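Accompanying notes for the structure given below.
The values are calculated or read from the model by the stated rules, or taken from the named source; none is laboratory data. As the structure is a prediction and not an experimental result, all values here were calculated from the model. We place every Cβ from the backbone using ideal geometry, glycine too, and count neighbours over all the protein chains shown.
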Amino acid sequence: MRKDKDAIYRLQLPIDDEISADVLGDCLWVNIGDTFKGGLEAAQAAAIELADIHGCRHWLVNRRVNRGSDPLEKKRVCSPDFPDTWTARENGATFLLKRDEGVASGFFTDQSATRLRVADLSNGARTLNLFSYTCSFSVASALGGAAEVTSVDVSKKYLEWGRQNFEINGREPDDHTFWSGDARTFLRLAKKQGRQFDMVILDPPSFSRSKGNAFRLAREYPSLVRDCLTVAAPGGRVLLIVNLSSWSVNTLKMIVGSEAREIGRSYELEFASDPDPSTTAKSIMVRKAPG
Ligand SMILES: C[S@@+](CC[C@H](N)C(=O)[O-])C[C@H]1O[C@@H](n2cnc3c(N)ncnc32)[C@H](O)[C@@H]1O
């Protein structure tokens, strides 16, 4: 049995876009793509073995289904006693995880190192977390000493989950802001009101649709980056994350460069994520010039 039975970590499997595996405390969570060799059956055998190696009592395999797949084909298989909800810990923070709220558990392990950076740079900060999902970056920032965290997501359900994540970490949700609505609208209002933030986190999905409003990352990203640079306070930081396999860290650098030029602001690059074979997500952090 491993020493820290609550720990969250991503397993470094042989490079394969079609499978990822996360240890989430007592539960091993495996995601496979539609074309994973051997399908659910092979992944189940791997999950049982990995759960044993990593001391997890429960395991689950989730298959991503592409459009055009057989709708009756099984999408999921798990150990019989897999819990509906449970908690696990990353970098000293506790997160509530759920089995049946969409394809994910409520937590993206591939951003563990980035959350740690956010926590380290949050002391006293006014933090804005856009597309916050269950508020894992918000919790990291609050625990890192942020003065106030604003979490923005179109889903009330995910923000409620985010509030629960604040509570289980001993942070009063009412001391912070949970704004439900379109992130683009929030930015427009924030600009109009002249609001400023010391840490802005931009981590949108590749595509989403809500209330008939489509969001396509490739189309929207440049203007979102520009708005984030605008609402960042002098000396404030903007963390940019994308999960598009066709985009590289250089794509992010180019977008931030040209948007900063458009609004006549200079900045310095604080870090760019090293390529990690377990994820297609890339991230960079920039710091707006003071004054
Ligand atoms: C990929 S997740 C973001 C992951 C998150 N940053 C994290 O660290 O866990 C996508 C989230 O974006 C939200 N979302 C999608 N479209 C949105 C929009 N136009 N405005 C605000 N939130 C949106 C979804 O509800 C979902 O919670």
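Remarks
- Scanning segment 132-143 for residues that are assigned to a loop (DSSP other than H, G, I, E, B), near the ligand (Cβ under 7 Å from one of its atoms) and either outside the structural domain of ARG163 (by TED's automatic domain parsing) or buried (at least 23 other Cβ atoms within 10 Å of the Cβ) (or both) returns SER132, THR134.
- Subset of segment 266-275 that is surrounded by fewer than 15 Cβ atoms within 10 Å (Cβ to Cβ) and within 24 Å of ALA21 (Cβ to Cβ) - its residue that is modelled with the lowest pLDDT: PRO275
- Scope segment 217-240; condition under 23 Å from GLY124 (Cβ atoms) and of a type outside the set (Val, Ile, Thr); matching residues: CYS228, LEU229, ALA232, ALA233, PRO234, GLY235, GLY236, ARG237, LEU239, LEU240
- When SER155 is tested against the conditions (1) more than 12 Å from the ligand (Cβ to nearest atom); (2) crowded, with 17+ Cβ neighbours inside 10 Å; (3) of a type in the set (S, T, N, Q), the lone failure is (1).
- The one condition in (1) modelled with pLDDT of 90 or more; (2) among the hydrophobic types (A, V, I, L, M, F, W, C); (3) not in a strand (DSSP E or B) that LEU13 fails to fulfil: (1)
- For segment 224-252, the set of residues classified as surrounded by fewer than 16 Cβ atoms within 10 Å (Cβ to Cβ) and closer than 26 Å to ALA190 by Cα consists of PRO234, GLY235, listed by residue number.
- Restricting attention to segment 159-207, the residues that are within 17 Å of the chain's Cα centre (by Cα), under 20 Å from VAL225 (Cβ atoms) and more than 10 Å from the ligand (Cβ to nearest atom) add up to 2.
- Any hit, segment 114-121, residues being in contact with a Lys or Arg (Cβ under 9 Å, 6 or more places away or on another chain), away from the ligand (no atom under 12 Å from the Cβ) and touching a residue at least 60 places away in the same chain (Cβ under 8 Å): yes
- Extreme residue, surrounded by the fewest Cβ atoms within 10 Å (Cβ to Cβ), among residues of segment 210-223 that are among the small types (Gly, Ala, Ser) and either more than 13 Å from the ligand (Cβ to nearest atom) or at positive phi (or both): GLY212
- Per-region count, segment 192-214, residues of a type in the set (Phe, Trp, Tyr) and in contact (Cβ under 8 Å) with a residue 24 or more places away in the chain: 1
- The number of residues in segment 144-184 being of a type outside the set (D, E, K, R) and in a helix (DSSP H, G or I) comes to 10.
- Residues of segment 185-219 classified as in a helix (DSSP H, G or I) and at pLDDT 95 or above, total: 8
- Residues considered: ILE263, ILE255. Of these, the only one that is more than 16 Å from the ligand (Cβ to nearest atom), surrounded by 15 or more Cβ atoms within 10 Å (Cβ to Cβ) and either in the same structural domain as PRO14 (by TED's automatic domain parsing) or without any contact (Cβ under 8 Å) to a residue 40 or more places away in the chain (or both) is ILE255.
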